[in-house]
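Heads up, the thing below is written out as structure tokens.
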Amino acid sequence: MEAHVDEDAHEEQPPPGPAPQDGRGQGVGIASLSLPYQVVAAVALAGVAVFTCVHLAMVFLHVAPSNTLTKQHGEAVDEWIYPEFEQNWKLFAPNPLQQNVYVQVRAEIVGASGAERTTGWIDLTAQDAEAIRGSLVPSHAEQNALRRAWDFYSNTHTDDHRPNGLRGRLSESYIRRIVMLRLDRENLDGTVERIQLRSVTRAVPAPPWSTEKTDTDPVRRVLPWWKVSAADLPGAARDDRTEAGR
């Protein structure tokens with residue numbers, strides 16, 4: 001009797017364990033990349049990790065109470081945080097902000113013919129709100145530059161518009177420059193000789209379910225007229241006015 005031999009049984013079976021890679025990369029994640037790309041990916045991940053750690057450290061120092069590090073490196077922390085990473089904790093205060101403050105400006109214009117006219121009130125805050133509405137990554141500068149300038153002015157001036165020392169005078173220069181930068185975008189058809197600012201403050205209405213009574217009538221604060229100097233103007237306009245004044 002001849003024994004039947006299964007030829008397939010004598011074929012060499014692959015050893016147990018994971019299948020060998022074919023040279024085109026069968027691994028997972030970074031291991032599936034070639035060596036140069038693995039190096040690039042590792043460097044990129046390390047850069048992201050370092051940036052994240054530095055950013056978290058800067059934010060922590062910014063919001064932390066005054067300490068040795070912030071006293072020695074406070075300027076570096078501020079340069080990192082402002083304006084894009086500013087932290088406004090008033091949202092979480094016991095009494096969060098409950099007012100909408102709109103900063104508006106009007107200007108006295110001298111046209112090419114020498115005729116003078118006064119513009120209507122231009123709502124700069126409304127322009128800022130429109131610029132960030134619907135934006136997935138709204139700029140902190142667009143949100144806060146004008147607001148912070150107005151807060152700076154309000155906190156360093158008396159009710160009759162007198163500055164409280166050097167900071168008050170600096171706040172006037174600061175807000176004038178911001179306003180003139182904004183007016184430079186407008187088609188005013190002439191030279192701005194004087195500007196006047198005002199704020200319109202309205203309380204946020206109470207929600208329907210609240211029994212709180214809220215007065216939503218606007219409260220206006222009108223500032224005196226300011227004469228515009230060359231120092232208040234954006235670069236090109238400043239050079240033109242300086243040259244014209246010689």
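Numbers for the structure displayed
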quantity: Pair list, Cβ < 9 Å and 6+ apart or interchain, from the stretch 160-185 residues that are over 12 Å from Pro234 (Cα atoms) and open to solvent by 30 Å² or more (accessible area, probe 1.4 Å) to residues that are of a type in the set (Phe, Trp, Tyr) and not in a helix (DSSP H, G or I); calculated: Glu172/Trp226
quantity: Gly29 being open to solvent by less than 100 Å² (accessible area, probe 1.4 Å), at pLDDT below 70 and over 30 Å from Ala149 (Cβ atoms); calculated: no
quantity: Some residue of the stretch 76-98 being acidic (Asp, Glu) and open to solvent by less than 40 Å² (accessible area, probe 1.4 Å); calculated: yes
quantity: Matching residues in the stretch 107-153 - criterion: being of a type in the set (Ser, Thr, Tyr) and farther than 30 Å from Gly168 by Cα; calculated: Ser113, Ser135
quantity: Any pair with Cβ under 8 angstrom, 6 or more apart, that starts in the stretch 128-144 at a residue that is of a type in the set (A, V, I, L, M, F, W, C) and ends at one that is not in a loop (DSSP other than H, G, I, E, B); calculated: Ala131/Glu142; Ile132/Glu142; Ile132/Gln143
quantity: Whichever residue in the stretch 120-153 is within 24 Å of Phe85 (Cβ to Cβ) and of a type in the set (Gly, Ala, Ser) and, among such residues, is modelled with the lowest pLDDT; calculated: Ala141
quantity: Filter result (within 28 Å of the chain's Cα centre (by Cα) and either without any contact (Cβ under 8 Å) to a residue 60 or more places away in the chain or not in a loop (DSSP other than H, G, I, E, B) (or both)) within the stretch 213-227; calculated: Pro218, Val219, Arg220, Arg221, Val222, Trp226
quantity: Residue in the stretch 187-209 that is more than 22 Å from Ile132 (Cα to Cα), surrounded by fewer than 12 Cβ atoms within 10 Å (Cβ to Cβ) and among the hydroxyl-bearing types (Ser, Thr, Tyr) present; calculated: no
quantity: Residue in the stretch 128-146 that is within 20 Å of Trp225 (Cβ to Cβ) and not in a loop (DSSP other than H, G, I, E, B) present; calculated: yes
quantity: Residue match in the stretch 96-119 (condition: part of a helix (DSSP H, G or I) and either under 20 Å from Arg177 (Cα atoms) or over 18 Å from the mean Cα position of the chain (by Cα) (or both)); calculated: no
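The values are calculated or read from the model by the stated rules, or taken from the named source; none is laboratory data. Because the structure is predicted, anything quoted here is derived from the model rather than measured. Please note: Cβ atoms are built from the backbone with ideal geometry, for glycine as well, and neighbour counts cover all protein chains shown. Each accessible area value is taken on the protein alone, full model and side chains, heavy atoms only, with ligands, DNA and RNA left out. Shrake-Rupley method; radii C 1.70, N 1.55, O 1.52, S 1.80 Å.
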